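The values are calculated or read from the model by the stated rules, or taken from the named source; none is laboratory data. The structure presented is a predicted model; accordingly, all values stated were derived computationally and were not measured. Ideal geometry is used to build each Cβ from the backbone, glycine not excepted, and the neighbour counts take in all protein chains shown. Heads up: the accessible areas ignore ligands, DNA and RNA and are worked out on the full protein's heavy atoms, side chains in. Shrake-Rupley method; radii C 1.70, N 1.55, O 1.52, S 1.80 Å.
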Amino acid sequence: MLEVQDLSKSFHTLTVAYEVSFSVPRGGRHAVIGPNGAGKTTLFNLIAGAVAPDGGEIIVDGVDVTGMAPDARVRAGLARSYQHNNLFPEMTVRENLAAARAVHEGRAPVFWRPLGNFGDILRAAEDLARRINVAEHLDTPVRQLSYGTQRQVEVGLALALEPKVLLLDEPTAGMSPEETRAMQALIGGLPADLTIVVIEHDMDVVFGLAERVTVLDYGTVLLEGTPGEVRASDVVRQRYLGGGTP
Ligand SMILES: Nc1ncnc2c1ncn2[C@@H]1O[C@H](COP(=O)(O)OP(=O)(O)OP(=O)(O)O)[C@@H](O)[C@H]1O
Ligand SMILES: [Mg+2]
């Protein structure tokens with residue numbers, strides 16, 4: 001469903017991706033880990049089209065999207081949620097999800113009329129709210145929600161784009177243990193045929209969710225393997241997990 005082949009990118013003299021490759025089958029759960037500045041978010045920027053690669057290819061469901069603009073990649077099936085909040089704080093959860101939906105359906109120009117005129121979009125927003133476990137907050141302005149719940153809504157914005165491949169950048173960053181568990185439940189409850197790539201610092205989340213893990217270090221793939229293989233790897237322990245005993 002997602003193939004990343006030999007992706008490379010430098011910012012002037014700084015190499016942030018060097019021949020990065022991995023592939024994820026339909027419904028696969030793939031994690032990307034690595035130290036701060038390893039190039040994880042840049043990898044998502046390359047996949048989603050926010051940054052142009054110097055070399056390499058990105059294939060989504062058999063379609064080469066490497067030369068496509070970000071919006072064309074969304075239509076090809078890619079959606080992402082960001083490391084930092086991207087919501088409209090004064091709008092309710094329902095309005096945020098409905099807005100994302102309306103934009104996705106190409107109906108943004110009519111969206112600012114009263115929402116009651118757009119029953120199908122509202123129903124889609126309610127359905128999304130259920131899928132991200134925030135149905136009880138539909139009428140709450142986003143700024144009144146806890147940080148963790150806001151990040152759940154953020155995932156909803158990405159799901160509104162009906163992706164085949166969902167890219168999640170540190171979905172549990174800054175969360176309390178309780179908020180982390182809620183996000184884990186959300187991700188774990190997503191449809192089995194949705195392909196998910198997650199950047200994550202919390203190793204419990206990585207090892208609980210991912211079938212395969214790519215370890216990035218200075219823009220290169222240090223290792224790819226199962227969570228067990230990564231946990232057992234000496235080089236990963238030394239470079240990333242702090243060099244302690246397992
Ligand atoms: N547009 C840019 N121009 C120049 N340098 C950039 C740009 N984007 C990222 N970088 C640099 O590339 C390196 C990788 O950054 P990136 O944000 O991809 O790391 P990361 O692995 O996501 O880190 P973190 O764990 O802190 O989120 C960093 O040194 C960063 O400063
Ligand atoms: Mg990052």
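Return the long-range amide H neighbours of residue 51 (sequence gap of 5 or more, or a different chain), with a cut-off of under 5 Å between placed amide H atoms.
It is 46, by chain and number.
Given springs between every Cα pair under 10 Å in a Gaussian network model of the chain, which of 131, 123, 80 has the largest fluctuation?
Maximum among the listed residues: 123.
Quick one: net charge around residue 180, please, counting Lys, Arg +1 and Asp, Glu -1 for every other residue with C-beta under 14 Å from its C-beta.
Values: positive: 151, 181; negative: 170, 178, 179, 200, 202, 204.
Around residue 180, the charge tally is -4.
For segment 2-239, what is the accessible area per residue in Å² when the probe is 1.4 Å?
Per-residue value: 45 Å².
Which of 63, 215, 16 moves most in a GNM of the chain, Cα contacts under 10 Å?
Of 63, 215, 16, the Gaussian network model singles out 63 as fluctuating most.
Set the Förster radius R0 to 30 Å, insert the Cβ-Cβ distance between residue 86 and residue 231 as r into 1/(1 + (r/R0)^6), and round the FRET efficiency to 0.05. Working shown, then result.
Numbers: r = 32 Å, r/R0 = 1.08.
It comes out at approximately 0.40.
Out of the total accessible area of the chain (probe 1.4 Å, heavy atoms of protein only), what percent is carbon and sulfur? Could the numbers behind the result be given before it?
Details: 5660 of 11220 Å².
Carbon plus sulfur share of accessible area: 50 percent.
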